[in-house]
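The values are calculated or read from the model by the stated rules, or taken from the named source; none is laboratory data. These numbers come from a predicted model, not from an experiment. Here the Cβ positions follow ideal geometry from the backbone for every residue, glycine too, while neighbour counts run over all protein chains shown.
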Amino acid sequence: MRGRTKRAVALAVALLCAAGSAGQSRPLKPEQEAKIKPDGKAEDCIPLRSIRNTRVRDDRTIDFYMNNGKVYRNTLPYACSGLGYEERFGYATSLPQLCSVDIITVLRTPPIPIGASCGLGKFQPISGAPK
């Protein structure tokens with residue numbers, strides 16, 4: 001029973017995070033993008049409970065804003081069709097973290113609610129990202 005509870009909590013957090021990303025997509029202006037710099041070594045995983053919100057930048061780029069003020073940029077290995085347009089995604093994990101081996105699924109507007117599923121890349125800490 002305890003394992004089921006953990007999975008349910010992880011799935012609920014994942015869905016909340018995905019819902020929080022709706023309406024946040026916006027490519028950065030070239031001068032904004034030029035200010036963004038890597039800020040440390042890329043990480044394989046980030047803790048789910050620390051994700052405050054996300055911003056989809058385009059079909060390959062998602063910025064994860066953390067509770068502690070850190071920002072991680074995830075550049076997907078391949079473009080994820082519809083991600084930049086729909087601006088929202090979901091994921092399911094039984095672990096308390098989101099990792100580069102996990103798959104996201106674009107959440108679409110009905111009548112076809114499920115879009116492409118795509119693999120994540122590593123989580124690169126960045127500085128200079130707009131809030």
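Say whether the condition of being buried (at least 17 other Cβ atoms within 10 Å of the Cβ) and touching a residue at least 60 places away in the same chain (Cβ under 8 Å) is met by at least one residue in segment 47-64.
Yes, there is a match, as at least one residue in segment 47-64 is buried (at least 17 other Cβ atoms within 10 Å of the Cβ) and touching a residue at least 60 places away in the same chain (Cβ under 8 Å).
This table checks each residue for (1) within 13 Å of Leu107 (Cα to Cα); (2) of a type outside the set (D, E, K, R); (3) modelled with pLDDT of 95 or more.
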site: Val13; (1), (2), (3): no, yes, no
site: Gly20; (1), (2), (3): yes, yes, no
site: Lys29; (1), (2), (3): no, no, no
site: Arg60; (1), (2), (3): no, no, yes
site: Asn68; (1), (2), (3): no, yes, yes
site: Pro77; (1), (2), (3): no, yes, yes
site: Thr93; (1), (2), (3): no, yes, no
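What are the residue pairs meeting all of these: first residue in segment 89-106, first residue aromatic (Phe, Trp, Tyr), second residue assigned to a loop (DSSP other than H, G, I, E, B) and surrounded by 14 or more Cβ atoms within 10 Å (Cβ to Cβ), Cβ atoms under 7 Å, and 6 or more apart or on different chains?
Here the result reads Phe89/Ser21; Tyr91/Asp102, each pair linking segment 89-106 to a residue that is assigned to a loop (DSSP other than H, G, I, E, B) and surrounded by 14 or more Cβ atoms within 10 Å (Cβ to Cβ).
Quick one: in segment 82-131, which of the residues that are of a type in the set (Asp, Glu) and part of a loop (DSSP other than H, G, I, E, B) is surrounded by the fewest Cβ atoms within 10 Å (Cβ to Cβ)?
My answer is Asp102.
Which condition does Thr5 not pass, out of (1) exposed (fewer than 14 other Cβ atoms within 10 Å of the Cβ); (2) outside any helix (DSSP H, G or I); (3) modelled with pLDDT under 95; (4) β-branched (Val, Ile, Thr), if it passes all the others?
(2)
Among the residues of segment 34-50 satisfying the criterion of being assigned to a helix (DSSP H, G or I) and either in contact with a Pro (Cβ under 6 Å, 6 or more places away or on another chain) or not hydrophobic (A, V, I, L, M, F, W, C) (or both), which is modelled with the lowest pLDDT?
Here the residue is Lys35.
Based on this model, can you work out whether Ala79 counts as in contact (Cβ under 8 Å) with a residue 60 or more places away in the chain and closer than 22 Å to Lys29 by Cβ?
no
Return yes when Ser25 is part of a loop (DSSP other than H, G, I, E, B), at pLDDT 95 or above and of a type in the set (Ser, Thr, Tyr) and no when it is not.
no
Quick check on my filter: what residues within segment 96-116 are under 13 Å from the mean Cα position of the chain (by Cα) and among the hydroxyl-bearing types (Ser, Thr, Tyr)?
Of everything in segment 96-116, those that are under 13 Å from the mean Cα position of the chain (by Cα) and among the hydroxyl-bearing types (Ser, Thr, Tyr) turn out to be Ser100, Thr105.
Only one of these conditions is not met by Glu31: (1) buried (at least 17 other Cβ atoms within 10 Å of the Cβ); (2) farther than 13 Å from Cys118 by Cα. Which number is it?
(1)
Hey, among Thr93, Thr75, which residue is on the phi < 0 side of the Ramachandran plot, within 12 Å of the chain's Cα centre (by Cα) and β-branched (Val, Ile, Thr)?
Result: Thr75 is the single residue among Thr93, Thr75 that is on the phi < 0 side of the Ramachandran plot, within 12 Å of the chain's Cα centre (by Cα) and β-branched (Val, Ile, Thr).
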